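Student: Below is one structure. I have some questions about it.
The values are calculated or read from the model by the stated rules, or taken from the named source; none is laboratory data. A quick note: this is a predicted structure, and the numbers were derived from the prediction, not measured. Here the Cβ positions follow ideal geometry from the backbone for every residue, glycine too, while neighbour counts run over all protein chains shown. SASA here: full protein model, heavy atoms, side chains in, ligands and nucleic acids out. Shrake-Rupley method; radii C 1.70, N 1.55, O 1.52, S 1.80 Å.
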Amino acid sequence: SDLSYYRGYFNDEVWSDADAQAGWAAMWQYTAERYRDNPVVVGYKLMVEPNAADVLYGIDSPGEFFRSYSDTLADWNTLYPKLVQAIRSVDADTPILVGADGYSSVAWLPYLAPVDAANMVYVAHQYIPYDSYTHQEPDGENTYPGSFDVDWDNAAENVDKNYLSGLLNPVRRYQQKQGVPIAIDEFGVKRWVPGAWLYLNDLLDLFEQAGWNYAIWEWSTGYEP
């Protein structure tokens, strides 16, 4: 896609420059000190969808990324604990929300190393099946529940509540293994997608069964197809 329109918003030096990372930590310390007693602030989201693996190296596999770049400046697991430490130096209580690299995807969550700090919440984003369903164009025909090719292997998958439940297994295992609070702080579907309400209803039920907090990403009614 053409990202030239947004180019002025991007500064990826935070993934390769130690001074930029120190600046990010200083920014969070200043923010926490300023807003720690503000009752409107319910949490600090350290970064929305960290994505060094994709932005720097075009890697979408966590295993591949960590084999080559673990413990480098591009490793979110080495940066985010510094941000937590900066916040906790001035604010001991406000919850801190953190998602994994890979755009905070479910698949990358198991590779997010928890930190020893109070009031941490570990988050994931859930838009799967992305291209084939939740983000399909208005002329798309895939509906929920339905049978269509999700992973481009020329074979259809049965996309239903059982399928969605299976997608969320990595989050369940992570919570069980680490014993940490979980939130799905982004999920959703474009409003014109067939069966959207059924998809959302099943996802919400699965979140409720697991005891996770959640926040939907809402495309406003002014968002044109």
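Student: So which residues in region 27-57 are open to solvent by less than 70 Å² (accessible area, probe 1.4 Å), part of a loop (DSSP other than H, G, I, E, B) and touching a residue at least 12 places away in the same chain (Cβ under 8 Å), if there are any at all?
Tutor: V41, G43, L46, M47, E49, P50, N51
Student: Related question: What is the one condition in (1) on the phi > 0 side of the Ramachandran plot; (2) in contact (Cβ under 8 Å) with a residue 40 or more places away in the chain that E141 does not satisfy?
Tutor: So E141 meets the others, but not (1).
Student: Determine, yes or no, whether S104 is free of Cβ contacts under 8 Å to residues at least 40 places away in the same chain, among the polar types (S, T, N, Q) and open to solvent by less than 60 Å² (accessible area, probe 1.4 Å).
Tutor: Numbers: free of Cβ contacts under 8 Å to residues at least 40 places away in the same chain: no; among the polar types (S, T, N, Q): yes; open to solvent by less than 60 Å² (accessible area, probe 1.4 Å): yes.
Here the answer is no, as S104 does not meet what is asked.
Student: I've got another one for you. Hey, can you tell me all the residues within region 89-101 that are among the charged types (D, E, K, R) and buried (at least 19 other Cβ atoms within 10 Å of the Cβ)?
Tutor: D91, D101
Student: Considering only region 156-173, state which residues are in a loop (DSSP other than H, G, I, E, B) and either under 17 Å from E208 (Cβ atoms) or open to solvent by 60 Å² or more (accessible area, probe 1.4 Å) (or both).
Tutor: A156, L168 - these are the residues of region 156-173 that are in a loop (DSSP other than H, G, I, E, B) and either under 17 Å from E208 (Cβ atoms) or open to solvent by 60 Å² or more (accessible area, probe 1.4 Å) (or both).
Student: Another question, if that's okay. Quick test of your reading of the structure: D149 fulfils all but one of (1) in contact (Cβ under 8 Å) with a residue 12 or more places away in the chain; (2) over 24 Å from W217 (Cα atoms); (3) open to solvent by 50 Å² or more (accessible area, probe 1.4 Å); (4) of a type outside the set (A, V, I, L, M, F, W, C). Name the failing condition by number.
Tutor: With (1) in contact (Cβ under 8 Å) with a residue 12 or more places away in the chain; (2) over 24 Å from W217 (Cα atoms); (3) open to solvent by 50 Å² or more (accessible area, probe 1.4 Å); (4) of a type outside the set (A, V, I, L, M, F, W, C) applied to D149, the lone miss is (3).
Student: Looking at this structure, is A118 under 24 Å from I216 (Cα atoms), in contact (Cβ under 8 Å) with a residue 24 or more places away in the chain and not acidic (D, E)? Before you say what the answer is, go through the steps one by one.
Tutor: Values: under 24 Å from I216 (Cα atoms): no; in contact (Cβ under 8 Å) with a residue 24 or more places away in the chain: yes; not acidic (D, E): yes.
No.
Student: Here's something else I'd like to know. Being closer than 21 Å to P39 by Cα and either in a loop (DSSP other than H, G, I, E, B) or of a type in the set (K, R) (or both) is the filter here; which residues of region 78-100 pass it? I'd like the intermediate steps shown before the answer.
Tutor: Kept after step one, since they are closer than 21 Å to P39 by Cα, are these residues of region 78-100: 84, 86-98.
Correct list: R88, S89, V90, D91, A92, D93, T94, P95.
Student: Assess whether Q176 counts as being more than 18 Å from D160 (Cβ to Cβ), modelled with pLDDT of 95 or more, open to solvent by 90 Å² or more (accessible area, probe 1.4 Å) and assigned to a helix (DSSP H, G or I).
Tutor: Criteria met by Q176.
Student: Do we have any residue at all in region 135-144 that's part of a strand (DSSP E or B), open to solvent by less than 20 Å² (accessible area, probe 1.4 Å) and at pLDDT 95 or above?
Tutor: Looking for residues that are part of a strand (DSSP E or B), open to solvent by less than 20 Å² (accessible area, probe 1.4 Å) and at pLDDT 95 or above, one finds none in region 135-144, hence no.
Student: Can you name the residue in region 181-193 that is touching a strand residue (DSSP E or B) at 6+ places or on another chain (Cβ under 7 Å) and open to solvent by less than 20 Å² (accessible area, probe 1.4 Å) and, of all such residues, is farthest from Q126 (Cα to Cα)?
Tutor: Among them, the one singled out is I182.
Student: Right, another one. Give me the pairs, please: first residue somewhere in region 66-86 and touching a residue at least 40 places away in the same chain (Cβ under 8 Å), second residue anywhere and open to solvent by less than 60 Å² (accessible area, probe 1.4 Å) and not in a helix (DSSP H, G or I), beta-carbon distance under 6 Å, and either six or more positions apart or on two chains.
Tutor: L83/L46
Student: Out of region 130-167, which residues are of a type in the set (G, A, S) and over 20 Å from the mean Cα position of the chain (by Cα)?
Tutor: Passing the criteria: G140, G146, S147, A155, A156.
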